[in-house]
Structure formats: structure tokens, C-alpha cells
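Take a look at the structure below.
The values are calculated or read from the model by the stated rules, or taken from the named source; none is laboratory data. In this text the structure is predicted, and so the values were computed from the model without any measurement. Cβ atoms come from the backbone with ideal geometry, glycine included; neighbour counts cover every protein chain shown. For accessibility, only protein heavy atoms count, side chains too; no ligands or nucleic acids. Shrake-Rupley method; radii C 1.70, N 1.55, O 1.52, S 1.80 Å.
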Amino acid sequence: NSAAALALVRFFIGIAGSSFVMSQFWPSRMFSREIAGSANGLVGGWGNLGGAWTQLFMGRILFPAFERYYNGDSEKAWRTICVIPASMAFCWGLTLPFITDDAPMGDYSEMKKNGSMDRIFFTTSLRSGATRNTWILFIQYACCFGVELVMNNASVLYFNARFGLDTDQAATMGFIYGSMNIFARALGGLYSDKLNIKMGMRGRLWLQSILLVSEGILIIVFALCNTLPGAVVTMCMFSLFTQSSEGAIYGVVPYVSKLYTGSVAGFVGSGGNVGSVVYGLGFRSLSYRNAFLMMGSIVIASSFLSIFIDIPCHAGMLWGEDNNAVIQARERYLRRRQMQHIAATVNSDPGHGGSDDNSEPGNDAVEGVTEPRECDTAPGPTSGEGVDVTVSLDSHQIPTDNEVPLSSA
């Protein structure tokens, strides 16, 4: 019932929202980096999709229903409906620890007991994760996820003010923007993975730069649209590129620092929130048209920062070559996928007796062998010490191609 109380509660809601960053680190822990873009894109995209569905469900269904129930008392209605998503989040939070694993080898508590994981100190993680590459991705993520956060609110106000739509109709337009997350972010991650297989890190960097440029251009076009159908179509297109950019950027995140991926994911993820604050200030001080033009120009400028991303052992956007270890890791991953495909084909053959010896290479939790220690960007313990043991066990529990002959698969 007061501004101070609301600010305090919103502060803790923001802390709870940091679980989004944890969910972006978790797929990087559970899956190999060759498919990190797809895994992160699917998780993040469907997470953002929840925001769009919540906006539609609460704004178009729950609020009118409760407003009628309370005889037109809109304040009591919106306060009451907030209990519903809060209860769902609370119940899911209680359930999650009992149905999941922390890593492919199990929970962290068990890994610490058996000596396969050591403690990583908070300050060390922050220092090691805050590299130049991290800050570049931070800025670029501010130019895609920050745009999405602003558009979740600004789109409703814009369609209301610019085209005279009522609140319900404008909220539907906002839902259309957010609903593109059902596939768009995962699509960006998927193509980032595909280009990584063909071109290495250079492919990932080119993709995210092209997506950011396209996003910025379409934001500017959206600002210049004078008809409602044109604005809706353009909004859908730039929503597609915005969310694909998010997926492509998080395809790069696991490569910045293998030991401190969680810290890197946290820094990059916070860029989205910073971007939304910056753009929000722009919308408060400028007209809608000028605010969109400003936002589109910043997004286009951010795309050129990919040139300065330099991940050791990997090719840059314009110069450098992949290390032999990186190339060999990609080749092993491709061979492993081929062997899995052959194994699946043989086992699905009705005339083949099948085998339960589980001898095929690969694992649905950790696929592919990552490059060796010297390609890590952050300083850490030597291979005989605790933290590196976790990495080597998680990343190399799969037998090499020489250990599992094709015939046994």
C-alpha cells in the first residue's frame, strides 16, 4: 500500500527472477558445447514464452473474470490474480530439487563426497568470468533481450497510442510479440550450432552479428510504419530476429570460460535487464518514434562488436584460425553422431536382434569431447586439483573413437 513497500517487494521479485540465468547455465552443464545453442535456446525461449502467456492469461482472462466477481473493483481484482502465478512458481520451486540432477554425474553434494568436484569461490568466479568477451556479449544481449523486455510493455502502450487500440486489443499485440519465443530463440541457437560444426566459432559470431543488424533495421522500419497491418507484420519479423539473436549469443557463452560458465552466463544475462532500463528511459523521455529509432540504431551498432570477440583456440570473426584440438573435437563429435545414427538404424532393423550392452559411444546427457585444458580462458587449478577434475570427468566420460570401434556400435 506504499511506494516503499512496493519497491522492497519488487527487489525480492527481481532476485527470484535471477533463476532465469541459472536455467541458462544449467543446459551448458548438462549438454556438450556443440549443442549448447540449441539447448539454451529452447530453455530460454520457452522461459520467455511464459511471460507472454502470463500477460495474455492474466490480462485477458483472469483480470476481467475477477473484476466481475468483485463487482468492478479493479484494484482488488489485480491484487488477487497475482496470487495465482506466485503460487505456481512457489510449488514448482519446491518440486524441482526432487526431480532433477545438478550435472550429468549427479548432484553436487554427491560429487563433492566422491571427490569429483571441488569448491569454486565466489570472488574467483566473478573475477575470472568478467573478461572482455563477457562484456561484449553483455552489450549485445542488452540489444536483444533488453529490447524484448521493453517491448513486452511498450508494444501495448504503442499500439494503444499510435493506432487507438483498446487495452485488451493492445495486450493481444504484445502477446503476439512474445509468443514468437515458442520457436525463435531455439532457432537461433540451432543455427548457431550448425554453423559451428561447419565454420567453428566464426560461424557463430557471423550469425549473431547478422541477426542483430537485421533486428535493428526492422525496429527502425517498425517505427516508420503508418498502418496497423504493416506494424503487426514488421513487429513479428523483428521479434523473430530479436529472439534468434538471444539464442545465438548464448550459443557462444559456454566457450568464453569452461570453468566459470555460470559467472559468464550471469554477467551476460544481466545485460538484458540493463538494456531494458536504458531503453525504458528512452521511451520516457522521447516520442515513441524517436525511441524506436534510437533503439534500432544502438542494436545495429552493437553487431560490430563481434569483431572484437577473441576466444583462445578459436577463430575470430575476421581473423585467426581454430586450434587443431578444437578442429579434432568437432570431428570427433561428428563421428560420434554418425555412429549413434548407425547404431539407431541397426537396432531399429526388425531383422536385427539388438543389443543392450550400451556400447554405443555418446550419451544423451553429455555428447562430444571438448577441447583440452589449454583452451580454457580463465586461470584455474592444474589438472590434478579439484575444479579441473569436475570438468574432465563431465567432459571426457565418453570413450574416444578408438576405444569404441564402429562394429561394436
Sum of side-chain charges, Ile197 neighbourhood, beta-carbon under 11 Å (Lys, Arg +1; Asp, Glu -1): +2
First compute the accessible area of the stretch 244-292 with a 1.4 Å probe, then give the percent of it belonging to carbon and sulfur atoms. 58
Whenever you get a sec, line up Glu34, Glu321 from highest to lowest accessible area (probe 1.4 Å, protein heavy atoms). Glu321, Glu34
Using a 1.4 Å probe on heavy atoms of the protein chains only, the accessible area for Thr95 in Å², nearest 10, reads 60
Would you pull out the residues with amide H under 5 Å of Asn323's amide H, same chain only if 5 or more places away, H placed 1.01 Å from N? His314, Ala315
Starting from the Kirkwood radius over alpha-carbon pairs of the stretch 19-65, derive D by Stokes-Einstein at 4 °C in a medium of 1.567 mPa s and give it in µm² s⁻¹. 108
Per residue, how much accessible area does the chain have with a 1.4 Å probe, in Å²? 49
Taking the 0 to 90 degree range and rounding to the nearest ten, how far is the long axis of helix 201-224 tilted relative to the main principal axis of the chain, both from C-alpha atoms? 10
Taking only protein heavy atoms and a 1.4 Å probe, the highest-to-lowest accessible-area order of Asp193, Asp310 is Asp310, Asp193
Taking a 1.4 Å probe, which of Leu293, Leu212 shows the most accessible area, and what order do the others take after it? Leu293, Leu212
Could you tell me the convex hull volume per residue, in Å³, taken over the Cα atoms of the chain? 182
Reported to the nearest 10 Å², Val213 has, with a 1.4 Å probe, an accessible area equal to 50
Determine the share of the stretch 13-75's accessible area contributed by carbon and sulfur atoms, expressed in whole percent, with a 1.4 angstrom probe. 70
How many percent of the accessible area of the stretch 125-221 is carbon or sulfur, using a 1.4 Å probe? 68
